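S.K.: Pasting a structure here, questions to come.
The values are calculated or read from the model by the stated rules, or taken from the named source; none is laboratory data. Note that the structure is predicted; figures quoted are calculated from it, not measured. Here the Cβ is made from the backbone with ideal geometry for all residues, glycine too, and neighbour counts use every protein chain on show.
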Amino acid sequence: MSTAMTSAEALRAVELLASRPLVRLVTEIDDNGAIPTRRLATTLSDLSTHEVRSASVTARAHGLIWIMPGAGLELTQAGTELADLYDAMARWARRHAFPALVCEFSSRIRHVLGLLAPSLTAERADNPSPLDGGEGEAGLARPRMLLIRWLADNPQVARVSEPEPIA
């Protein structure tokens, strides 16, 4: 299975998906439900105001969240599927103590995406292995397949777009 992405598109998609503020926003909503827009900064208190605003604007622009009247920011179907993808990547990373035995969730996601990124381009579709063999390589097949499927269903993440601010 191939995404037929150019190197630039793959890099753009991985940079977007690996953004720590985006990972935090998506996983927070997935774990705890809708976040009232007025409570966003206190809910994600480990992020700066700029990071919170940027993550929410970016997530809305790419169809990952929407504002549910009376409830706040909620995941769309694409956002829920992305949260599941993040969980699959984190499970692989924890199982293999990657990048370290003790590590922040978003850091694990960024590192796994870094391993998978080279295999997303059309040039590398025939040689998808991001590792040099061993048990870890087989385990990455599932997160890779899920990532490719998610990107195929959500091509907007590889496109350049100017997000609109949240009103």
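Quick grid of which residues meet (1) under 21 Å from LEU151 (Cα atoms); (2) in contact with a His (Cβ under 6 Å, 6 or more places away or on another chain); (3) without any contact (Cβ under 8 Å) to a residue 12 or more places away in the chain:
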{"position": "LEU47", "(1), (2), (3)": "no, no, no"}
{"position": "HIS50", "(1), (2), (3)": "no, no, yes"}
{"position": "ALA55", "(1), (2), (3)": "yes, no, no"}
{"position": "ARG60", "(1), (2), (3)": "yes, no, no"}
{"position": "LEU64", "(1), (2), (3)": "yes, no, no"}
{"position": "THR76", "(1), (2), (3)": "yes, no, no"}
{"position": "THR80", "(1), (2), (3)": "yes, no, no"}
{"position": "ALA83", "(1), (2), (3)": "yes, no, no"}
{"position": "CYS103", "(1), (2), (3)": "no, no, yes"}
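S.K.: Could you tell me how many of the residues in segment 101-116 are of a type in the set (Val, Ile, Thr), in a helix (DSSP H, G or I) and surrounded by fewer than 17 Cβ atoms within 10 Å (Cβ to Cβ)?
M.R.: Counting residues in segment 101-116 that are of a type in the set (Val, Ile, Thr), in a helix (DSSP H, G or I) and surrounded by fewer than 17 Cβ atoms within 10 Å (Cβ to Cβ) gives 0.
S.K.: With the checklist (1) of a type in the set (Val, Ile, Thr); (2) surrounded by fewer than 16 Cβ atoms within 10 Å (Cβ to Cβ); (3) within 13 Å of the chain's Cα centre (by Cα) in hand, flag the one item THR27 doesn't pass.
M.R.: (2)
S.K.: Which residue pairs have Cβ atoms under 7 Å apart, sit 6 or more places apart or on different chains, and have a first residue in segment 8-30 that is closer than 10 Å to ALA83 by Cα and a second that is among the aromatic types (Phe, Trp, Tyr)?
M.R.: If the second residue must be among the aromatic types (Phe, Trp, Tyr), the pairs left are VAL23/TYR86; VAL26/TYR86; THR27/TYR86; THR27/PHE105.
S.K.: Let me ask another. Select, from ASP30, ASP84, the only residue that is assigned by TED's automatic domain parsing to the domain that holds SER106 and touching a Leu at 6+ places or on another chain (Cβ under 8 Å).
M.R.: ASP84
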